[in-house]
Structure formats: structure tokens, C-alpha cells
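Notes follow the structure.
What follows draws every value from the coordinates through simple rules; no lab data is involved. All of these numbers come straight from a predicted model, not from anything done at the bench. With ideal geometry, Cβ positions are generated from the backbone for all residues, glycine too; neighbour counts draw on all protein chains shown.
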């Protein structure tokens, strides 16, 4: 059963190991545990729905609770405290595009707001209903999760928009294919959600971002259905897929998704290399990607993240031996872990591995084989579960991400980390901050920063701490040529910072598109574009 | 000096070899030569300008003649016959973004139409002025052709929009870089034109289309300046670069272009392989690209194109020997020539070559080394000059292109060739038609078809033949799931077929954007979107 107040399946429990707790206590102080509300307490608060009954949606209180919040830290605090604030008035589960169109027409006729809902994994407030005089109907696509068809010549698969990561991959793998899209939210997030929020997966270096994978499909809007035909490429005017990629539900509801798939590779391996320091590591990863070495994944942890990961990894004795070995080879204090993947034919992988090792050796890289890479691959979707372990130990954790050109990566990363590290200094709290680069491009890189801090004495105090940290970090990004999101999207939380990068005419253009597709502003109002 | 009535520099002359003429005479009949008008005759027709004099533009008749037409076959017939019809009333040569903004404001104040002009290489009627009660000012970007700056960390170069292919590459190569964008029009076409028309270069397999190379820049519109900041990737809402890519001058005038560049590769080689027949060749090229073998170029000629190219190549004796050798190895009648390139490090290229050879051997491929590949590379920009040689010998030549998913490539190609081959049957004329695939993707391929036919007894008859052929071919593409253009754009010639692929809501969306950026419809009206 999916957790109603946290991440993933209730059966999966990831605890913070004892030495991990000690590591954090040393860095930010002893944990501060707050009491959780129960589902019963929350259900008792759910007000009467303002919607009539209807065959296509339910007014059930638990459905409304389970679709009221995403997975941002404020969402987490709301769910843990039980202070949800607003619930949707109902939840629809359409099974066909026809039913989506019926719901759109019904919402128009009854002056209702619609919130498209994929996997509910937003960390930027995309799916949270707001106080409004109009009733709010959340439209979950979870029943439209089937593989409709595979074109095996063109390697295009047609899916319902509500298929989540495991549903996508299991249906494809049974036929020998993969989509290759593995965001960390993969277990719960959905194809339609990936498209709507311009998602990026951990192996985007090989498979591309969702922008490259999304071949076409259908979108139901208040102005009609937008059919997006599939072409391998086209010069026939602006690409309308790009209008929908990143539209975050504001322009329409994606009712069918066609994606570019790949035959399962002959071989896949993940390796790790330790670089002696951050500057060498940064040069090495940049050269690897700019030389177009055909790798499938690159992830570089900075020194603090490397230290933190090794501390939280378990097996302290093995780690101590590894560190001794690395130090002897020149990667001691300040070392940075680089994980990279090769995916493809054996011939190709061998050539790629050879090139990568040679290039990284030039930067002092110490190759440590596949052991840690394998561990990374096994645990790649477990990090969100660790929030539970941290919370139980009395720590709040959140992540932030951006992307910028290489000339600015180091500078922005430093400013971003500093803004968070010092963000609670006024109240004498320390924040543990660490970063990795996980999506690298010839032009630049994403920057993915994790920060751990202690909850306050109350939920309100904790939320205030988060707001302070989030705000300084977002301002730092916006003022220093970062995009406000590389992979999480804009939602409500990032919307105030969007005008810095889109500019006045860019914002007016997005508003003109919103008015074109949704003249009454019924679709997720306030998301992406502030009112 | 650039030709006023044809392609390229007057000093470059490409004639049709004698055996080439015999080859065509056998296929479509003896050539039919029409008389050319002189520049003086055309200049005598240029009417008085309806514009006042202004420091930023000229009313000179020759400037107006030289900017009145592109390079489509109808443009060619207009230039050769001297029947231009309409000329722009003036030609502006702004040198700065500030001057572009000044011209926009001036055009608004004086009710003038503006036609943005890059290299004048459109083959779809993008830059042709139309009869209008409003005066028409063509705005040439040719003076804004400088490399402004290179960010060597992020591999981003900033250019004026009017830099043409040689200007882009020479300025980059001097610093050790390449853009890697080589459309056949490269000698004349410009960076801004490539962006506005979603251009694709011959080595797009390695470097990407202009969509992947265009990192950002500025666009001057009637609604203000749109600044497009550079990010390696972003999930911050829809990507506004994509609104301008393919906008064909309808939304604004590109005043600065930032592109992603690459360090010059250690090694580049082009090879050729002959496949025994089309079906094997098609499977081979599809598998190569779907297996992601890191090649930089793939070009597959069908049997008729292979035969035609060998016939027009010169050195008939050498060709005869080659064909004898190929036949002995299993590639006789019906053989198809595949040219492929590797570009990168020696290690990588060796691995790619090995994979490609092995895979193609499985489809009966006979490897014939680098000789023909070298020839292709040397002559890659000469094909447009051959139109002169063919015209002098009494033949008209034109090309058409589309792209479609692999499941449809063979079928659409056959229908397209048949529609052209039989297109003039009613008047007893034969058409020589041949095709290659030059831009291949995992999902599908471009289809590039060349057709040669005899001019009629008059220019009007010749134009009527072209209209007949163009129409049946475009209808065939539109009705059979092809995009109306993979690389040439929409312009005026393809605009009637665009609604088939964009749909009613898609067309309405583009019109809403046009109204947003250009409320008085002053920018190239009728291009992309019919009125």
C-alpha cells in the first residue's frame, strides 16, 4: 500500500544507520523529533465536498486526502502535522480520452477548477489545490496506464499518460525494449507527468531527457484536442510538442503519449572513479562529456557529498579500507566520487571504458571498479525512502537543483551551497549541504544539492526554516544565471523566480498560450505562471 | 561576385558531362533550352519604390532585384525569364540590434511590411515579396555576420545572425572549433536563417540539427525583445527557443545567435559501402542508427540515385571497373550506395568503423574504402551549382524532402517517387526521379528526392509543369504521414499543406503566437501561415 503521508510503499523501510546519525549529529546537532498525525485525524478534518456526485469522480475523503499534496518538504510537513489546509473537492479517474473531454466539458459547465495528477510526486507544489471560490476536481490519470502499441520498426511505444516508471518498463521489457527514463521518482511518477514537467532521467546522457523521448501524442484542452503526430524530425514550423513539454497542466491534459524506445542493450556497467579534488574532478567530467565519449551516465559528487555518502553507506570497516587504499593512490581528503555508466554493445562499451579511464587518469582519477557502481544502481530509487529514516531520527532533508553553463557551474554551486549552509545562521542552526552533478551536457551541467537541517520545536517553525532556506537558494540561482529548475519543474514554489529567466516578453508569451488553450483559467491556476 | 539569377559565385561553373547528358536524354528525352533574360532587362522593369529615402535602407534597383527571389525552381524560372513580378521597395542592412529595433518602429509608424532576409537561399518562397498595398522592405542581416565571443568552457559561440556558413566556420576554425552545421546551402545560408527555418546539416548525426545547436540569443519583435538565455537544459516551463525555431520570420527578427560548438575532431573519415539491394540497405541503415553506432554521417542512395550518381560522376572507365568489382562481390544491378562518416578520436572512430563494417556485412555490404567518401566530402556543396549545368543542357532539376517514421519510409518513398515519375504523363513527358536518405534517426528518416524534367516550350509551360509535380508530391507527403518539410521549411510553397500535420488547434496556436508577437501582421505575411 502506498504511504498516505510520505514516499512509496509502506513495506519499504530505509533507516538511518547509527553511524549516519552520529555523523549528522556532529554536523548539525542532535535530531529533533516531531509527532506525526494519524490518517484518522486527517480524515476527520476533510470538509464536505462542494461537488455533486458524478459517475466519473469520487468525493471520498481518503481519495481527497491522498491527492491533496505532493512530495515537497512543505507537503511532507503538512502530511506529518496533519495540517493539510486545502483538499480537492473530488478525484476523477478517467479511463479514456473521451472521458477526459467529458470532464473538461463538465468542468466548464459547472465552473470547476481541474488539477491534472500523474504520480503525485511533485516537489514544487504542482498538484496542491488552493483556497478558491470555485470547487476543485483533481483528475488522476492512474487508470490510463497501459501500453497501447509498439511500432517495432520505428521504435515508438504508445502509452496511456498515467503509466508510472515500473509500468512503463515492465511492459516494454517484456518485449525486449526500454524507455531508459529513470528519474529518482521513477517508482511513482508517470509518463504524462514527465512530459508535463520536462523530466530528466539518470541515464539521460544515453537516452536523452523526456524532450528527446516524447515523440507525440494527444492533449485535451479547453480549445479542443491537440494531436501531435510523430516525425523523426521536422522543419515544418515551430514544434508544438515543445509547447506542451513543461506546460505543467496549464495548457491541457495529456491523454496519450508516444515515446521513443530502445532495444535492451547487450551490456550495462556502472563504474566508480575517485578524483583527488573537486577542481580536477570538474575538469575531468567536463572533458568526458565535451569529447562525446559515449557513456550512459555520469554523476560526480563533491567532496562533502562523497564523505557523506561513504559515512551513510554502512559497512564502516570496508569503507575505511577503501579510503586507505584511495589515499595511498592520491585520493585522500577532499576526494570526489565519480560514477559513470556504459550501456550498449560490448565492443562499444569496451571502447568507451578505455577512453573514460584514460581521460580520467590524466586528472588523477583512481579507478575502483564496479562495486560502488553496482551499489549505486541497486539503490538508485531508494534515496526518497531515506527521508523517512532521517525524519524518524529527527532530521529534515530536502533537495534543490538547477543547471548552468560550465563557465558558471563552480561559482553557482559554491554560492548555492553557501546560501544554504548559512541560511539558518541567524537562529544558530547549522545546515549540512552537499552536491552532485548528475546531468552533464557539452554546454554545462545540472547542480543537485541536498541539505539536511533540524526541525524546529513545532511544524510551523520547521516550515519557516524551510521557507528561509528555499528562498535564499532560489534567489541565489535566479540571480546567478541558473535555471530555476533542471528537472523538477516550476509548480507554485518556483513560479516567483521564473520571470527572471523568461523575461517580460517570455512570460507574456506563456500567458498568451495559457489564455489560448484555457480562456477561463481552470487548469491548475497559479502553477507555472503566478496569477 | 554572387550570381544575380542563380546559385553561388559566378566563378564556380559545374557543367554536365557529355555522358551525363546522354544518360538524361535516354531517360527523359533531349534537352530543351530556354533563353535567359539579362540583368539589364530586369533592372529596366523595376518600378519606382513606394518608400521614402532613409539612412538605414537603400532603394537601389539592383539591390531590390537581388533580394526579390530565393532559390526555388519557380524563383529560378522567374530570374531566368526576367519575369520577377514583385520587387521589394527597398533593402535595409542593419548593423546592430538597435538598428533592427529602429526599423521595426519605423515600419510600424509607416505601415510597411518587413521581410527578414538571411542568405536568400530559401527553396520554399520565404523571402519573396507579394503584391500588397503596403510597401515592402526587405531586411538583410548580411552585415551582422561577426563572431562576437566564444565561451571556451561552455563551448558557446555568439554570432551576428547574418553570418553565413563559411563566415561561421572560418571564424570558429581559427580558434580550433567547429559548429558542424553543413546544410547543402552552407556557402550562402546564414545562422539566423538556419534557426528561423529549423535547418539540418549533413552531419546532424553527430552535431544535431540547428534545434540542438541553437543555445539562445535575442529576437526583436513588435511586442519587444525576447531574450533567450543559455542553459544546458531546463525544466522551467516550455522552451521559448522552440517558439522561434521554425518561426520563419513571422514572430520576430533574430538579432543574435548563441550556438553550441565543438572542438575540432582528431580525425574525420568518410567511407562508402555498396548494399546489394534497397531492402537490405534500408534494414542496414536502420539498424546502424538504432544501435547508436557513433557515426557522424549516413547517406543512403537508392538504386536509381546510385546509378545516376555513378553516371554523372565522370571517369566512366574507373566507374566501370568499380561496378565490375562490386558485381563480383554481390552488389550488381540494383545496388545502393551508402556513405558514412566517423568524426572524433582515433580510438572512437576505429571502434565505430569496426561496428559499422560488421553490421553492414550482415546485409551483404561491400566496403569500398574512402575514395568515394572523399569525393562526396569534396563535392558536398557543389550540387546546387549543377543546376546551371543541367539548365544549360536543357534540363530543369528540383528537389523535395520529407521525413517519416521507419515503418513508413519505404512506402512513402515509393509513393513520392511514383507521383513525380508519373506527374507529367498526361502531356507525355517523363521525369527522372531518384532519392536518398540523408538524415537518419532512431525513429525514422528524411527522404530527399531529386527530379529532373524537361522545360516546356515557354517559361510559363515550364512553371506549370513544376506546379503540377510539386503539387502531386506535396499531396502525397501530406496524405501519407510525412512532414511537409524535414529541412527546407514551410515558406509559401508548403503553407497550404501545413494544416494536415499541425491540425486545426495547432494552426490556431501558431496564429495566436503570430498575433501576439506581430499584431499588425507586418512580418513576412503569408509565410508559414497562409492568411
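Listed values, structure above:
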quantity	calculated
Some residue of segment A:317-324 being over 26 Å from residue A:27 (Cα atoms), more than 14 Å from every other protein chain (Cβ to nearest Cβ) and either surrounded by fewer than 17 Cβ atoms within 10 Å (Cβ to Cβ) or touching a residue at least 60 places away in the same chain (Cβ under 8 Å) (or both)	no
Some residue of segment A:208-219 being in contact with a strand residue (DSSP E or B) (Cβ under 7 Å, 6 or more places away or on another chain) and farther than 21 Å from residue A:181 by Cβ	no
Of residues in segment B:400-412 being more than 19 Å from the chain's Cα centre (by Cα) and more than 9 Å from every other protein chain (Cβ to nearest Cβ), the one surrounded by the fewest Cβ atoms within 10 Å (Cβ to Cβ)	B:411
Single condition residue B:157 does not satisfy, out of (1) part of a strand (DSSP E or B); (2) farther than 30 Å from residue B:174 by Cα; (3) within 14 Å of chain A (Cβ to nearest Cβ)	(2)
Output for segment B:237-247, where each listed residue is under 27 Å from the mean Cα position of the chain (by Cα) and at the interface with chain A (Cβ under 7 Å from one of its Cβ atoms)	B:239, B:240, B:242, B:243, B:245, B:246, B:247
Any chance residue B:13 is touching a residue at least 24 places away in the same chain (Cβ under 8 Å) and either within 24 Å of residue B:491 (Cβ to Cβ) or crowded, with 20+ Cβ neighbours inside 10 Å (or both)	no
Total residues in segment A:511-531, condition over 16 Å from residue A:129 (Cβ atoms), facing chain B (nearest Cβ under 10 Å) and in a loop (DSSP other than H, G, I, E, B)	1
Selection within segment A:252-305 - free of Cβ contacts under 8 Å to residues at least 40 places away in the same chain and crowded, with 24+ Cβ neighbours inside 10 Å	none
Residue in segment B:191-201 that is in contact with a strand residue (DSSP E or B) (Cβ under 9 Å, 6 or more places away or on another chain), assigned to a loop (DSSP other than H, G, I, E, B), in contact (Cβ under 8 Å) with a residue 60 or more places away in the chain and closer than 25 Å to residue B:71 by Cβ present	yes
Breaking point among (1) under 23 Å from residue A:485 (Cα atoms); (2) within 9 Å of another protein chain (Cβ to nearest Cβ); (3) part of a loop (DSSP other than H, G, I, E, B), for residue A:234	(1)
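So that you can scan it fast, the table gives a plain yes or no per residue for (1) more than 20 Å from residue A:227 (Cβ to Cβ); (2) out of contact with any helix residue (DSSP H, G or I) (no Cβ under 6 Å at 6 or more places or on another chain):
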{"residue": "A:135", "(1), (2)": "yes, yes"}
{"residue": "A:144", "(1), (2)": "no, yes"}
{"residue": "A:151", "(1), (2)": "no, no"}
{"residue": "A:192", "(1), (2)": "no, yes"}
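Here is a yes/no grid of residues against (1) surrounded by 23 or more Cβ atoms within 10 Å (Cβ to Cβ); (2) in contact with a strand residue (DSSP E or B) (Cβ under 8 Å, 6 or more places away or on another chain):
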| site | (1), (2) |
| --- | --- |
| B:467 | no, no |
| B:470 | no, yes |
| B:475 | no, no |
| B:482 | yes, yes |
| B:485 | yes, yes |
| B:488 | yes, yes |
| B:494 | yes, no |
| B:506 | no, yes |
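Here is a yes/no grid of residues against (1) crowded, with 18+ Cβ neighbours inside 10 Å; (2) under 15 Å from residue B:179 (Cα atoms):
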{"position": "B:99", "(1), (2)": "yes, no"}
{"position": "B:108", "(1), (2)": "no, no"}
{"position": "B:113", "(1), (2)": "yes, no"}
{"position": "B:116", "(1), (2)": "yes, no"}
{"position": "B:124", "(1), (2)": "yes, no"}
{"position": "B:154", "(1), (2)": "yes, yes"}
{"position": "B:160", "(1), (2)": "yes, yes"}
